[in-house]
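Everything below concerns the one structure shown next.
The values are calculated or read from the model by the stated rules, or taken from the named source; none is laboratory data. Keep in mind the model is a prediction, meaning the values are calculated, not measured. Every residue, glycine as well, gets a Cβ built from its backbone with ideal geometry; the counts of neighbours run over all protein chains shown.
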Amino acid sequence: MAGAMRKVTVGGIKVGGGEPFVLIAGPCVIEGEKLTRKVAASLKALTAELGIPFIFKSSYDKANRSSLRSFRGPGLDRGLKILKAIREDFRVPVLSDVHRFEEIERASEVLDVAQIPAFLCRQTDFVVELARHAKVVNIKKGQFLAPWDVANVVQKVESAGNRNILITERGASFGYNNLVSDMRSIPILRKMGYPVVFDATHSVQLPGGAGEASGGDRAMAVFLARAAVAVGVDALFLEVHPDPDRARCDGPNSLALDSLRGLLATLKGIDGLVKNDMKKGR
């Protein structure tokens, strides 16, 4: 498992191995076709202009919400139909999380990347079954795991014959209703031989901090994103929304769609410097 990093191809986009950072972005959950397409179109245009490879993400069913009353999304049928249309109409790869065994095969037919939710990353049978079907597996590191413990999850995915793996750092539990990000995690995870993603927006989440929903501090996501790119991360995961304060899921930690241009331009500049140094062995 250890050794030179494997480049993983996602719908024609190369991730890892010294390639420029890839943006994985979109709304937390599909709130409706119109809004989802609006976000996809804006992100596609912006990343094309800036020359940043782009993977669209949104959840068709957010099964791990805090409350039974929380909005979860349109569900498998409608959600996959919307994601498939975005994939075809905008010619971008798509990512969504998968929460149930019954959804694995159908979701894998549409998704370029199937994501293992952080809370399910220790569920051996689920991880292996998803790995058998998915084109690419994104392992969300559980908030309860040390970075080196992710090696066990990677081995489970590999056992299914799938070596198209991404590993996502999304912060570690720090007391109650709080997360902390340790940037040492990124080089530790990269030593496992697969591209590493940093989830800047979930890392500033305050899990369950709003009672029946999670809170968050979106202003801090910008600083963590810069730090992760400076460390040499292979991809950056951002949840964005046209109006985060009205988002139906994870609004407090989502970034405003119209705030991204300056941030992405800065991140591209940092990434170029860092990747150039990495190529020189610094």
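Among the conditions (1) outside any strand (DSSP E or B); (2) surrounded by fewer than 22 Cβ atoms within 10 Å (Cβ to Cβ); (3) in contact with a Lys or Arg (Cβ under 9 Å, 6 or more places away or on another chain), the only one that residue 14 does not satisfy is (1).
For region 64-92, filtering for residues that are modelled with pLDDT of 95 or more, assigned to a loop (DSSP other than H, G, I, E, B) and in contact with a helix residue (DSSP H, G or I) (Cβ under 7 Å, 6 or more places away or on another chain) leaves 1. When the test is whether a residue is at pLDDT 95 or above, closer than 14 Å to residue 241 by Cα and either buried (at least 18 other Cβ atoms within 10 Å of the Cβ) or not aliphatic (A, V, I, L, M) (or both), residue 33 passes it.
Of 183, 220, all but one fail to be in a loop (DSSP other than H, G, I, E, B) and either at pLDDT 95 or above or of a type outside the set (Lys, Arg) (or both); the exception is 183.
If I filter region 223-282 down to residues being β-branched (Val, Ile, Thr) and not in a loop (DSSP other than H, G, I, E, B), which single residue comes out as nearest to residue 188 (Cα to Cα)?
Top of the filtered list is 231.
For residue 45, only one of the following conditions fails: (1) surrounded by 14 or more Cβ atoms within 10 Å (Cβ to Cβ); (2) more than 18 Å from the chain's Cα centre (by Cα); (3) of a type in the set (Gly, Ala, Ser); (4) modelled with pLDDT of 95 or more. What is its number? Only one criterion is unmet by residue 45, namely (1). For region 126-157, filtering for residues that are closer than 19 Å to residue 93 by Cα and either in contact with a Gly (Cβ under 9 Å, 6 or more places away or on another chain) or in contact (Cβ under 8 Å) with a residue 40 or more places away in the chain (or both) leaves 5.
Report yes if some residue within region 155-170 is farther than 23 Å from residue 18 by Cβ, out of contact with any strand residue (DSSP E or B) (no Cβ under 7 Å at 6 or more places or on another chain) and at pLDDT below 95; otherwise report no.
Checked against the condition, which is being farther than 23 Å from residue 18 by Cβ, out of contact with any strand residue (DSSP E or B) (no Cβ under 7 Å at 6 or more places or on another chain) and at pLDDT below 95, region 155-170 yields no hits at all.
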